[in-house]
1. For Ala208 and Ala278, compute 0.36 nm times the residue count separating them, minus their Cα-Cα distance, and round to one decimal in nm.
2. What is the extension gain from Ala194 to Ala620, computed as 0.36 nm multiplied by their sequence separation minus the C-alpha to C-alpha distance, in nm to one decimal?
3. Give the Debye-formula value of log10 I(q)/I(0) at each listed q (0.17, 0.26, 0.27 Å⁻¹), with one equal scatterer per alpha carbon of the stretch 1-88, two decimals each.
4. Give the calculated FRET efficiency between Ala651 and Leu14 to the nearest 0.05, with a Förster radius of 45 Å applied to their Cβ-Cβ distance.
5. Given a cut-off of 18 Å, what percent of all Cα-Cα pairs of the stretch 187-339 lie beyond it?
6. Highest mean first, what order results for 430-436, 175-181 on Cβ atoms within 10 Å?
7. Rounded, prolate or oblate: which fits the stretch 78-152 when a ≥ b ≥ c are the square roots of the eigenvalues of the alpha-carbon gyration tensor, with rounded for a/c under 1.5 and prolate only if a/b beats b/c?
8. If you average the C-alpha positions of the stretch 475-543 and of the stretch 388-457 separately, how far apart do those two centres end up, in angstrom?
Amino acid sequence: MAEMRFSQSVSARLEGGVLVVAIDNPPVNALSAHVRSGLIAALDHAASAAEIIGLVISGAGRTFIGGADIREFGTPPVGPSLPDVIDRIEAFEKPVICAVTGAALGGGCEVALACHGRIAGETATFGLPEVKLGIVPGAGGTQRLPRLIGTIAAIDLIGTGRAAKADETVALGLADAVVADPLTAAVAAVRDNAGRPLRRTGGMNVPAADSAAIDMAATTIIAKSRGQSAPAEAVRLVRAAGSLGLEQCLAEERATFLRLRDSTEAAALRHVFFAERAAGKVETLADVAPRRIDTVGVVGTGLMGSGIAVSALTSGYRVIALEQTREAAASGHERIAGLLDKTVQSRRLTAEARDACLARLETTAEAKNLATADLVVEAVFDDLSVKTALFRTLDGIVAPDAILATNTSYLDPDRIAAATADPSRVVGLHFFSPANVMRLVEVVDCAKTAPDVLASALAFVNRLGKLAVVCGVTEGFIGNRIFSAYRREAEFMVEDGALPHQIDAALEAYGFPMGIFAVNDMAGLDIAWARRKRQAATRDPAERYVEIADRLCEAGRLGRKTGLGWYAYANGERTVDPAVTAVIDAARAKKDIVPRAFTAEEIMDRLLTAMVDEGKALLAEGIAARPGDIDLVMINGYGFPAHKGGPMFAAQ
Ligand code: 3H9
């Protein structure tokens, strides 16, 4: 049967009276204007052709429908609107069944919800991730989903924005079945339903649920949303579905969607979405093939090394972890196994998958056992002589095309590379702790890193499911350089009259999970203290230097681990300590500074300016390629609130 074309992206073929519609709008079948008009044209055709008994809606490629076309947000609307398409599907007089292969997200999930049946393939996932973009579903998702799966499950899915796999959606009542061949099953479902009363989701009642349980689900979501407004709005709309009529609720949903879509919060989260997709792309690597990596060596199994090992294991790599002694190797093995167990307990890994990970793990005290590693990541003590000695040793052990990566935070990776016979195989992989949890990795393109080594490092980080941001060599890379800049500014303000808890309160009110002084206490004050002592001899005496942190360290206040730092931690709880205030007062007096008051607004302005100025310097020096890369580092490594878009975005 010849193909029928309804628009540039929507075509169909007739299969025994069933119009099998395919949406083909690469890369993710987003619901662009021509997809919407194509669907309407297909429905029009099916309505008028007597031989057609119903429709199947499917997506070509790996995705069913990735949602509304985010690139259309902010441009003048072009009809037909998605709600119109969806209303038409639900009200259609002949059965419309969707065959879902891959992701049905956002508007794609809403199309599915409006169909009279949903057949999932094994790769299908369903989700309404709109809150992650600062919006709520705008085409009926908040109203139809609770009708199918109940208010509590809908609050969870819509409020978190998480995607559910095929099996879970069947258990929830979202999808009707999971099958190997959803297209064939959907065609059969159209035949089964033809001529029968159709199940229209909008006409169903929301199943009754315990109001205390609904309250609890709502509270959980709102507590996690840290100042972002979309999750609370989404919860409000889902709850209304149980009490008010469909039409009124759809109108309210649409109005909320349009209001949020035009908000700064949504613009910020869209910026983050596109920045993430741009981050791993390096123009000069477009035609460069990465080297093959199957076996990953990890040197050091402390907190960082074991986290990296777990991340590599759960991503399918074989891992050889090296320690200095057999005892240390044995406890490294225990640490890694312990982290894997925790992942099983939190249900992010099955027990079988953990066993498979352990079968791929070797821990050893023999450096020569790293001979088969395709990539070795070192996570040893951050000391130049330790790292250069290690790289010299590794140089003589691994294959000539194996890649050597350093996880240094502050050392110059070019100097580490220079210790090897072939610096072109050295790259920086700056993981954040805990490495099995934190998404960000700064991939450091060293002076001599070969293009295919950089490409391999990016491919490796991608396979770990992490976010790679490429940066050049500079002390502290992108993140720690900006962190140092705004810490300096925070300390200036403390010297000038603000107290640490006021600065932390301003940051936390802005959306940071924790203020900078509390973060420093958590990380420990001693590493930065050691660095300041190293730098003391070369520091410009004319440069403003705040001694308060040094005084705290000298008094043994090294942060949480000593129970005292910028704060006191009696019973583990952060409290303002008059002893710290006294140290601050003394430092001010020594410089004849008369303290003045700071507003939260001024504090945030100055901290943001410090971040942005340092960010601009990183761009000017070519260390960071794009402002968006800087934003991603700050959001994913330093707690900058995503819904503010990162410092560079916020400054616009
Ligand atoms: C919505 O639906 C609102 C409705 O409720 C109401 C409307 C009235 N639009 O991620 P990838 C691009 S809001 C435009 O690397 P993957 C992306 O930029 C939407 N473009 O692929 C990239 O472009 P490039 C709710 C999009 O295979 C390319 O596709 N939906 C969209 O790893 C590949 O992306 C979502 O939030 C889009 N919707 O993952 C889903 N999506 O190559 C967002 C992607 O130029 N999307 N692009 O850099 C995703 O989660 C993933 O893309 C997906 C595929 C899982 C689909």
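The values are calculated or read from the model by the stated rules, or taken from the named source; none is laboratory data. Owing to the predicted nature of the structure, the values given are computational and were not obtained by experimental measurement. Glycine also receives a Cβ, built like all others from the backbone with ideal geometry; neighbour counts cover every protein chain displayed. Surface accessibility is based on the protein's heavy atoms, side chains included, excluding ligands, DNA and RNA. Shrake-Rupley method; radii C 1.70, N 1.55, O 1.52, S 1.80 Å.
1. On the way: separation 70, 0.36 × 70 = 25.20 nm, distance 4.45 nm.
Working it through step by step, the gained length comes to 20.7 nm.
2. Numbers: separation 426, 0.36 × 426 = 153.36 nm, distance 6.46 nm.
Length gained between Ala194 and Ala620: 146.9 nm.
3. -0.67, -1.37, -1.44
4. Working: r = 56 Å, r/R0 = 1.24.
After rounding, the FRET efficiency stands at 0.20.
5. 78
6. Numbers: 430-436: 21.4, 175-181: 17.1.
Sorting 430-436, 175-181 by mean packing, highest first, produces 430-436, 175-181.
7. Numbers: a/c = 1.39, a/b = 1.07, b/c = 1.31.
Taking the square roots of the gyration eigenvalues as a ≥ b ≥ c, the stretch 78-152 is rounded.
8. Using only Cα atoms, the two centres lie 27 Å from each other.
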